[in-house]
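The values are calculated or read from the model by the stated rules, or taken from the named source; none is laboratory data. Keep in mind the model is a prediction, meaning the values are calculated, not measured. Because the Cβ atoms are built from the backbone with ideal geometry, glycine has one as well, and the counts that use them run over all protein chains shown.
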Amino acid sequence: MKRKYFATPYIIWIVGFTVLPLIAIGASALTGDDGAFTWDNVLAIAEPINRQALFFSLAIAFGCTILCILLAYPAALFLKNFRFQRKGFTIFLLVLPMWMNFILRILAWQMILSKNGILNFLLAKFGASPLAISNTWIALMIGMVYDFLPYMILPIFNAISDIDEDLIEAARDLGAGGGEVFRKVIFPLSVPGMLSGIVMVFVPAMTSFVIADILGGGKLQLIGNIIEQEFMKSMNWHLGAGLSISLMVLVLVGLAFTLRNDMEDGGTAIW
Amino acid sequence: MVRVKNAFMKCYLALVLLFLYAPIFVLIVLSFNDSRSRVTWGGFTLRWYGSLLSNRQILEALETTLFLGLGSAAAATVIGTLGAVGIQAMRKKGYRVVMSLTNIPILNADIVTGIALMLWFVRFIPLGFGSVMIAHITFNIPYVILSVMPKLKSLNLSIYEAARDLGAGGVYAFFHIVLPQIGSGILAGFFMALTMSMDDFVITYFTKGAGVNTLSTMIYGEIRKGIKPEMYALSTLLFAVIFVILLVFNALSGKGKNTEDVIERSR
Amino acid sequence: MNRKAVCAALIAAGILALGGCGKAEPTEYLTVFNYGEYMDPDVIDQFTEETGIGIKYEEALTPEELYAKYSSGAIDYDLVCSADYMIQRLIEEGEAQKVDFSSMEYAGNIGDRFWEFSQAFDPNNEYALPYFYGTIGILYDTTRVKEPVDSWGVLFDGSYKNDIIMQNSQRDTFMITLKYLGYSLNTSDEGQLREAQQLLIRQKPDVQAYLVDEARDEVVAGNAAMAVVYSGEAYLGHEYNEDLAYVVPKEGSNVWIDSWIVTRHCKNPEAAAKFLDFLCREDVAEKNFEYIYYSTPNEAVVENMDEELRNDPAITPTEEDMANCEVCTQTDPEVTKLYNELWKELKAD
């Protein structure tokens, strides 16, 4: 048996439950309320309100990705230095919070950040003035970074801990200083991990809506919120499908453009 | 100097972990709150733990969640691992097409995946537990493939070819040569899939049949009137159990080979 | 080896847990679609015990969500409970089955005036059975809002900056604004709706958040001075924080009635009727009332209520409030579309 036939069950599965449903949704996106063919729903993403939400989502997803990298990179580096007995333990420590229900965790953040919340209570104890960040984009950003940070730390950590110690030793022996070892050995080898992280953070951040609803106080409109509204509130499924198909294409094109081959290669495993 | 640096690193990591665990602490505290409202403190109580044990709905939902999570993760792991092995052997073009398709469930908004699957299922099968299971397997597979693929890339294929040359069948060679080398990736994929399955709400909501409830859909239904404190108690219990298991494993394994990993061992 | 042990243990635990349940399964089932947390789970068990009919229970958060899942045809629901305007829409679309309420033993427990209210969307009382009802009003913190509140104006006059919680629901938010402007909440006049939208856009900077579910909690916790809430939520808010008060403003408001219908998919109307009758039975209705604490149209329950509850306007709306309120019956698709657009514009502003 040829090795590629191992993929047969998967191909059948993906055609049956991903490709065909997607085509069905695509067909719905290209259909108007009257059942006739139209491009309107797909092009609706360019309408002022949708465009505005799209750009806001881009800004938030971009900011969230950058913040995640900035926070995750040192964390991954330091984690490597502090090996617990096992690498697996470190990983589980990062994954464990994700096993608690997502909605419960975000509601908990709402309690932490609200005006009379836990954070302001603690700040008052230390004599600091309270923060008014609840229901603003800052709270939204905190929630997003919180939700996606493990997806950035894990692949970077994985890439870094895969680096052969001998390589680093060799660089040192050849006279490289700490900074140089990082710049010329560690960093380049961690890039694939970072790319995986970027995909795992940026893409879901573009479509998220729950965090904006709960932590953004419903005042901030991401493109995900608009799609959700079209499906759940306005009951305009054609438009919802159209918007999400165009969003998907935009994200795909954007990723293909910036990451080229690296994304297809799958980068470094998240774990 | 080294000590200062160490202290700084420890502080930084502690802060990151604090950030990740802060909401968990809140949930734990809420589970002991003697008030049905999450925003008022009514004193310390253990009664939610008691009423949790007699709450049939929550226990059923827990059971469904676990069964769904373990089942879909296991199925996705099998299909996904075989898939990854096969895809890797494909030519460039086929490889690219399949890998792009693999990314679709990750790229698509959950709500679109959910509604697409619901409308799709309606044509063929009644919604029930089976339909949710299929949906979960569907969105779990990509995570397995993304975890297994990089391991496959670093796999030394010449051993496999050698085994085949020496007369081993494809299946035999797969189980004895390939599988051991990519085991860590597979396990990672399994846990990733389990995590995704347990956390999903939107897709489950649209693809489940009447009467099928997971913890996520149950919590969602409760938002309107306020989350039941039993949910906090259950979360705390789950957290505590998993955490203790982890600590025990870490302690036990620390006595043995100390740099070996729980899920990484192939290198 | 440890890895395998973990997996094995997890899977074994799952299988054991699954094997743990093995009760006698009912032969008949009703598929019931309701709001989340809108029925005491014991009531469902009790029904199955008494009649042998099993219940497959589904929950939704909003009427729109319920409609989305219902209309996809994914599941043949037998019974649906939703808001007045959604029930009206379902009736208009021919989704409801006629039910003979007069032959029911306990349907008479529902007060006459609620049948009359129902006629707004079910003119001959053939389809819909009132379940719970209430008003929409302002829940406010009396320690922070010193002057008496009696008008929606307090939300719009700019005196409580960043201290107001509005409903994250286009209907509710527009309805109260229309009422404040002196229009009918069922208006289809684009000018009036746009005027309401302009007012809401001006108000937006003062709004701390648009929330559906947590609005009550925010006032209870003191994060906001006031919130637009359903009357039942106001009662619960008062339970947690005694300083809170609820008012239905003098300009009038919306009275909502969540009702049950039997759908056209129902193959066993007798069982469905049995279920509806069961819900009207005094002890059952009381149990549900004590679980939900929304206003009940079941007069037998109201009669047995504590004096305090009966006089609480959040539990038992006064005659005056009720007379001042309108039932929402706006289901014109064109108007709904306009609502959607105006709402999106408001949110995008």
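With closer than 26 Å to residue B:46 by Cα and either at pLDDT 80 or above or at the interface with chain C (Cβ under 8 Å from one of its Cβ atoms) (or both) as the only criterion, which of B:209, B:189, B:226 stands out? So the residue among B:209, B:189, B:226 that is closer than 26 Å to residue B:46 by Cα and either at pLDDT 80 or above or at the interface with chain C (Cβ under 8 Å from one of its Cβ atoms) (or both) is B:226.
Looking across the range A:178-226 at every residue that is more than 24 Å from residue A:242 (Cβ to Cβ) and of a type in the set (D, E, K, R), the one that is farthest from the chain's Cα centre (by Cα) is identified as A:180. Of the residues in the range A:65-74, not one is assigned to a helix (DSSP H, G or I), more than 13 Å from chain B (Cβ to nearest Cβ), more than 25 Å from the chain's Cα centre (by Cα) and surrounded by fewer than 16 Cβ atoms within 10 Å (Cβ to Cβ).
Filtered by the rule that a residue be more than 10 Å from every other protein chain (Cβ to nearest Cβ) and either in a helix (DSSP H, G or I) or within 24 Å of the chain's Cα centre (by Cα) (or both), the range A:28-50 gives A:40, A:41, A:42, A:43, A:44, A:45, A:46.
Which residue is nearest to the other protein chains (Cβ to nearest Cβ), if the candidates are limited to the range A:51-64 and must be more than 16 Å from the chain's Cα centre (by Cα) and either within 30 Å of residue B:6 (Cβ to Cβ) or surrounded by fewer than 18 Cβ atoms within 10 Å (Cβ to Cβ) (or both)? Restricting to residues being more than 16 Å from the chain's Cα centre (by Cα) and either within 30 Å of residue B:6 (Cβ to Cβ) or surrounded by fewer than 18 Cβ atoms within 10 Å (Cβ to Cβ) (or both), the top hit is A:52.
Among the residues of the range A:1-27, which ones are among the aliphatic types (A, V, I, L, M) and either surrounded by 14 or more Cβ atoms within 10 Å (Cβ to Cβ) or facing chain B (nearest Cβ under 7 Å) (or both)? Result: A:1, A:7, A:11, A:14, A:19, A:20, A:22, A:24, A:25. No other residue among C:99, C:32 is among the β-branched types (Val, Ile, Thr), surrounded by 20 or more Cβ atoms within 10 Å (Cβ to Cβ) and over 25 Å from residue B:219 (Cβ atoms) apart from C:99.
When C:187, C:177, C:173 are checked against the criterion of being out of contact with any Ser or Thr (no Cβ under 8 Å at 6 or more places or on another chain) and at pLDDT 95 or above, C:177 stands alone in meeting it.
Within the range B:132-186, being of a type in the set (Ser, Thr, Tyr) and at the interface with another protein chain (Cβ under 9 Å from one of its Cβ atoms) holds for B:138, B:143, B:147, B:154, B:160, B:184. When you check residue A:153 against the structure, is it more than 11 Å from every other protein chain (Cβ to nearest Cβ) and over 30 Å from residue C:213 (Cα atoms), yes or no? No, not satisfied.
Close Cβ contacts (under 8 Å, 6 or more residues apart or on different chains) running from residues in the range C:119-130 that are free of Cβ contacts under 8 Å to residues at least 40 places away in the same chain to residues that are among the hydroxyl-bearing types (Ser, Thr, Tyr) and assigned to a loop (DSSP other than H, G, I, E, B) are absent. Residues in the range B:143-170 that are part of a loop (DSSP other than H, G, I, E, B) and surrounded by 15 or more Cβ atoms within 10 Å (Cβ to Cβ): B:155, B:168. Within the range C:137-163, the set of residues being part of a strand (DSSP E or B) and crowded, with 24+ Cβ neighbours inside 10 Å comprises C:137, C:138, C:139, C:140. Taking residue B:47 as the residue in question, decide whether it is at the interface with chain A (Cβ under 10 Å from one of its Cβ atoms), in contact (Cβ under 8 Å) with a residue 12 or more places away in the chain, touching a Pro at 6+ places or on another chain (Cβ under 9 Å) and not hydrophobic (A, V, I, L, M, F, W, C). So residue B:47 does not fit the description; no. So, of the residues in the range C:302-349 that are touching a Ser or Thr at 6+ places or on another chain (Cβ under 8 Å) and of a type in the set (Ser, Thr, Tyr), which turns out to be farthest from the other protein chains (Cβ to nearest Cβ)? The extreme case among them is C:316. Note on the range C:291-317: residues that are surrounded by fewer than 16 Cβ atoms within 10 Å (Cβ to Cβ) and in contact (Cβ under 8 Å) with a residue 12 or more places away in the chain total 1.
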